Amino acid sequence: MRIFIDTSAFYALLDRDDANHPRARVAWTSMLEGTNSFFTSNYVLVESHALLQHRLGIDAVRGYHEDIVPLIHIEFVAPEVHRSGMGALLSASRRNLSFVDCVSFEVMRSLGIKTVFAFDPHFEEQGFTLIP
């Protein structure tokens, strides 16, 4: 299965104090045992790096970069996907919906990915299947 990974999952996986950490660990271990392909975008990577560094420190970023990122195909966002994501954000007119999420929705649709490892309900609102 092709699975997109969101910042919310990366963070839950790496922060032992996060409420979703136990579920994230179980889901990640299970996904690694299968024949899954993992995807994310360079926008999610930047968002994840910033969040991890700010909240957990550079060692968390190092662990993420060395142990997790090599397992994931990184989709670099093209200008037209960037524009589509911004258009979706502006037309949604919602304060708590992020630009990175809107770009992620566009990336997932363009790659035909329907499943996402995330703890963000916005993906489900957009019709994607959440793991866990």
Using the eigenvalues of the Cα gyration tensor, what equivalent ellipsoid semi-axes result for the chain when each is taken as the square root of five times the eigenvalue, whole Å, largest first? 22, 17, 15
Under 13 Å from the Cβ of Pro121, count the other residues' Cβ atoms, weight Lys and Arg +1, Asp and Glu -1, and hand me the total. -4
Mean Cβ count within 10 Å, highest first, over the residues of peptides 37-43, 94-100: 37-43, 94-100
Give me the angle, in degrees from 0 to 90, between the Cα long axis of helix 79-92 and the longest principal axis of the Cα atoms of the chain, rounded to the nearest 10. 80 degrees
Of the peptides 113-123, 14-24, how do they stack up when ordered by the mean number of other Cβ atoms within 10 Å, highest first? 113-123, 14-24
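Each reported figure results from applying straightforward, stated rules to the coordinates on display, with no laboratory input. Keep in mind that this is a model prediction, so the values were computed, not measured. For neighbour counting, all protein chains shown are included, and Cβ atoms are generated from backbone atoms with ideal geometry for every residue, glycine included.
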